[in-house]
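K.L.:
Supplied in C-alpha cells, the structure appears directly below.
All of the numbers you see were taken from the coordinates with simple rules; none came from a lab. Values in this document were obtained by computation on a predicted structure and should not be read as measured data. Quick reminder, even Gly has a Cβ in these numbers, built from the backbone with ideal geometry, and neighbours come from all protein chains shown.
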Amino acid sequence: MTEMTRHNSTAEIRALDAAHHIHPFTNTRELNAKGARVITGAEGVWLTDSEGNRILDGMAGLWCMAAGYGRQEIVDAVAEQMRELPFYNTFFQTTHEPVAELSQLLSTLTPPQFNRFFYTSSGSEANDTIIRLVTYYWQLLDKPRKNVIVSRRGGYHGSTVAAAAVGGFDAMHRQPGLPVGNVFHAPRPAWWAEGGDMSPEDFGQKVARDTLSLIDGIGVDRVAAFLAEPVMGAGGVVIPPETYWPMLWAGLKERGVLLISDEVICGFGRTGNWFGCETYGTEPDFMTMAKALTSGYVPMGAVAVSDRIAEVLIDKGSEFTHGYTYSGHPAAAAAALVNLRILRDEGLVERVRDDIGPYLQEKWTALADHPLVGEAVMKGFFGAMQLCADKAGRVPFPEDAEVGIIARDHSFNSGLVMRAVGDRLIVSPPLVLSRAEADDLIEKAAVTLDKTLADVRRLGLT
Ligand SMILES: *Cc1c(COP(=O)(O)O)cnc(C)c1O
C-alpha cells in the first residue's frame with residue numbers, strides 16, 4: 001500500500017487548513033482563530049482525533065454513517081470496482097453492472113410505487129433534479145403553469161441554488177445569490193416553539209390546515225408539488241405531532257398536488273422504517289435520497305421516481321436534458337450496494353424499530369426530567385432535546401446567550417458529538433450503536449446537561 005504523508009502535527013494541519021481551506025457553513029475567521037479539530041480515524045461509532053481522544057459520534061458523521069465506520073466489505077467492494085472500472089459515464093447509452101444492480105436493489109427496498117432511480121452525487125443535486133422532473137412532468141401533461149413548489153420554513157434541502165431556495169433557512173435566504181421564484185414556505189409543525197396553548201394534536205392539525213390553505217391561496221392550478229422531510233433534520237429534529245401528516249397527506253392527494261419526500265436523512269432506517277414516509281403513512285411520488293445510501297463512504301445521491309410519473313416521462317417525454325458527470329458513478333454504486341445489503345442482511349432497520357431504538361428512546365426521553373430540558377423527543381434513532389429557561393412556560397433562552405453552543409462544546413469535550421440547532425441539542429447515531437454505547441451516550445448527554453446548567457446559572461440565565 002502506498003503511504004500518504006501522515007507526519008504533520010496537529011498544529012501544522014491546523015495551519016494549512018486555516019491558510020487554504022474554506023469550510024462549509026462556517027465563519028472562517030472565527031474557526032481560524034481557534035483551529036479546527038483534526039479527525040484522524042474512526043471505528044464503529046467512535047471517532048479518534050489527532051490528540052488521541054475517542055469521541056462517540058452521536059451525529060453519524062453528518063447524518064450519513066448508518067452502517068458504522070470501518071466496514072471492510074464496503075472498502076473492498078469499492079477498491080475492486082476501482083480496479084475494474086473506476087469511471088464511466090451513463091450519458092452515452094451506456095451502463096455498468098453496479099448501477100443496474102443498485103437500481104434493482106433500491107426497487108426492492110423502497111415503497112412499491114418506486115421502481116426507477118436517477119443518480120446524483122449529493123442530496124442537493126437530487127432535489128434540483130426533482131424540481132426539474134416535477135415541472136417537466138406537468139409540462140408534458142399540458143399544465144405548464146403548475147410550476148410552484150411549496151416547502152416549509154425550517155426545512156433543509158441542500159445548498160445548491162434551487163435546493164437552498166426551497167429550503168426554509170432565513171440565514172441562507174439573507175445571503176444573496178438565490179434568484180429562484182415560484183417557491184412558497186408553509187409553517188412547520190414545531191409544537192414546542194410555536195404550539196402556544198394548543199395540544200400537540202390540535203397544533204398538528206392546525207399546521208396541516210394552514211399548509212393546505214396556503215396551497216389553495218396560490219391555486220391548485222399553480223402548485224406542482226409539496227416538498228418536505230418526514231421529520232425535519234437540520235431544522236432541529238422537529239418530530240411532527242401524529243395528526244400532522246395524515247391530514248396533510250389526505251389534503252394533498254385530494255388536490256392532486258404531488259408529494260416529494262426528502263428522505264436524505266429519514267431514508268434507510270433513521271425513523272425506524274426504511275423510509276420516513278412509511279413511518280408517517282404518506283405515499284410520495286418522489287423521494288430524495290443521499291447520506292445513508294452509501295453511509296457516506298463515497299458520495300452519492302439518488303431520486304426515486306414513482307411509476308405513474310415515470311410512465312408519463314418515458315411515454316410522452318423526449319430527452320430529459322439533465323444529468324451529472326458522476327450520475328451513477330461505479331465506485332459509489334458499489335459502495336451503496338454493499339452498504340444497503342449490510343443494512344438489510346444485518347436487520348439494522350428492524351433493530352432500530354424494535355430493539356435498540358426503543359431502548360435509547362426510553363433513556364433519551366427521560367432526560368426531560370433535567371431542569372434545563374423543555375422537551376426530549378426521539379423517533380427511531382432521531383432525537384432532540386430543547387434547552388430552555390423555563391420548562392413549564394416553554395420559555396426559551398435569549399438567542400444571543402448561545403446556550404446551545406455552550407452545551408454542544410461541553411458535549412464534544414465530554415466525548416460525545418451532539419449538534420446544536422439554536423438551543424436544541426440533536427442526536428442521530430449510527431444504526432449499529434450497541435446497548436452499552438447507548439448507555440454511554442446517555443451518560444455523556446447527562447454530564448453535558450449538568451455542565452451547561454452550571455454555566456447557565458453562573459451567567460444568571462435562569
Ligand atoms: C443534507 C441534506 C440535503 C443535502 O444533501 P447534500 O448531500 O449535503 O447536498 C438535502 N436534504 C436533507 C433533508 C438533508 O439533510
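K.L.:
Starting from 0 in steps of 10 Å, tell me what percent of the Cα-Cα pairs of region 73-345 lands in each bin.
P.N.:
Result returned by the calculation: 7, 30, 35, 21, 6, 1, 0.
K.L.:
Next up: With labels modelled as points extended 7 Å from the Cα through the Cβ direction, what inter-label distance (nm, one decimal) is found for THR321 paired with ASP76?
P.N.:
Taking the simple label geometry, THR321 and ASP76 are separated by 4.7 nm.
K.L.:
Additional query: Below 13 Å, Cα to Cα, which aspartates and glutamates can LYS444 reach? Residues fewer than 8 away in the same chain don't count.
P.N.:
By straight Cα distance, LYS444 reaches ASP57, ASP409.
K.L.:
Another question, if that's okay. What length, rounded to one decimal in nm, is gained on full extension from GLN175 through to GLN104, with 0.36 nm per residue of separation minus their alpha-carbon distance?
P.N.:
Separation in residues times 0.36 nm, less the Cα-Cα distance, equals 21.5 nm.
K.L.:
Give me the net charge of MET418's neighbourhood, meaning all other residues with Cβ under 11 Å from the Cβ of MET418; Lys, Arg count +1, Asp, Glu -1.
P.N.:
Surrounding charge for MET418 is +2.
K.L.:
Stick to Cα atoms and the Kirkwood definition of Rh, then tell me Rg/Rh for region 224-282.
P.N.:
Using Cα coordinates only, the ratio equals 0.95.
K.L.:
Given all pairs of different Cα atoms, what value in angstroms does the Kirkwood hydrodynamic radius of the chain take?
P.N.:
The answer is 23.1 Å.
K.L.:
Further, regarding this structure: Extending each Cα 7 Å along its Cβ direction at GLU443 and GLU30, get the distance between those two points in nm, one decimal.
P.N.:
Computed distance between label sites GLU443 and GLU30 equals 3.2 nm.
K.L.:
I've got another one for you. Report, by chain and number, residues whose modeled amide H sits under 5 Å from the one on ARG419, excluding near sequence neighbours (fewer than 5 apart, same chain).
P.N.:
So ARG419 has HN proximity to ILE426.
K.L.:
Can you give me the C-alpha center-to-center distance between region 92-125 and region 279-317, rounded to a whole angstrom?
P.N.:
Comparing the Cα centres of region 92-125 and region 279-317, I get a distance of 8 Å.
K.L.:
Pull up the cross-link candidates among the aspartates and glutamates for LYS316, meaning alpha carbon to alpha carbon under 14 Å and not fewer than 8 places away within one chain.
P.N.:
Counting by Cα, and skipping residues close in sequence, LYS316 has these aspartates and glutamates nearby: ASP142, ASP307.
K.L.:
Along region 401-414, what does the Karplus equation 6.51 cos²θ - 1.76 cosθ + 1.60 (θ = phi - 60°) give for ³J(HN,Hα), rounded to whole Hz, x for Gly and Pro?
P.N.:
6, 6, 5, x, 5, 4, 5, 4, 5, 4, 4, 4, 6, 8
K.L.:
Now for a different question. How many nm is it between the label spots at THR365 and ASP409, if each spot is 7 Å from the Cα in line with the beta carbon?
P.N.:
Modelled inter-label distance: 3.4 nm.
K.L.:
Please report, to one decimal in angstroms, the Kirkwood hydrodynamic radius of region 184-240 built from all distinct Cα-Cα pairs.
P.N.:
One over the average 1/r among Cα pairs gives 12.3 Å for region 184-240.
K.L.:
Which of rounded, prolate, oblate describes region 7-148, given a ≥ b ≥ c as roots of the alpha-carbon gyration tensor eigenvalues and a/c under 1.5 marking rounded, otherwise prolate only if a/b is larger than b/c?
P.N.:
Taking the square roots of the gyration eigenvalues as a ≥ b ≥ c, region 7-148 is prolate.
K.L.:
By how many nm would the segment from ASP17 to SER199 lengthen if fully extended, with 0.36 nm per residue of separation less the alpha-carbon distance?
P.N.:
60.6 nm
K.L.:
How charged is the neighbourhood of GLY68? Take every other residue with its Cβ under 13 Å from the Cβ of GLY68, and add Lys/Arg as +1 and Asp/Glu as -1.
P.N.:
Net of charged neighbours comes to -3.
K.L.:
Residue by residue through region 355-368, which ³J(HN,Hα) values in whole Hz follow from phi under the Karplus form 6.51 cos²θ - 1.76 cosθ + 1.60 (θ = phi - 60°), with glycine and proline marked x?
P.N.:
10, 6, x, x, 4, 6, 4, 4, 6, 5, 5, 5, 5, 4
K.L.:
If you don't mind, there's one more thing I want to ask. Gain in length, PHE92 to ASP354, computed as 0.36 nm per residue apart minus the alpha-carbon separation, to one decimal in nm?
P.N.:
Here the answer is 89.8 nm.
K.L.:
For the chain, with only Lys/Arg (+1) and Asp/Glu (-1) charged at the beta-carbon, what is the dipole magnitude about the Cα centre, in debye rounded to 20?
P.N.:
Roughly 820 debye, rounded to the nearest 20.
K.L.:
Can I ask one more? Net charge around GLY383, counting only other residues with Cβ within less than 13 Å of its Cβ (Lys, Arg = +1; Asp, Glu = -1)?
P.N.:
+3
K.L.:
What's the percent breakdown of Cα-Cα distances in region 311-462 across 5 Å bins, shortest bin first?
P.N.:
With 5 Å bins starting at 0, P(r) equals 2, 9, 15, 16, 13, 10, 9, 8, 7, 6, 4, 2, 1, 0.
K.L.:
If you don't mind, there's one more thing I want to ask. I'd like the FRET efficiency for ASP210 and LYS143, computed as 1/(1 + (r/R0)^6) with the beta carbon distance as r and R0 of 22 Å, rounded to 0.05.
P.N.:
0.30
K.L.:
Find the all-direction average of the projected area of the Cα convex hull for region 108-212, expressing the result in square nanometres with one decimal place.
P.N.:
9.2
K.L.:
Would you compute the Debye intensity of region 374-448 from its alpha-carbon atoms alone, equal scatterers and no solvent, and pass along log10 I(q)/I(0) at q = 0.15, 0.23, 0.26 Å⁻¹ to two decimals?
P.N.:
Scattering profile of region 374-448, log10 relative to I(0): -0.51, -1.09, -1.28.
K.L.:
Something else about it: Work from the charge dipole of the chain (Cβ charges, +1 for Lys and Arg, -1 for Asp and Glu, about the Cα centre) and give the residue of MET385, THR28, LEU259 farthest towards its positive end.
P.N.:
THR28
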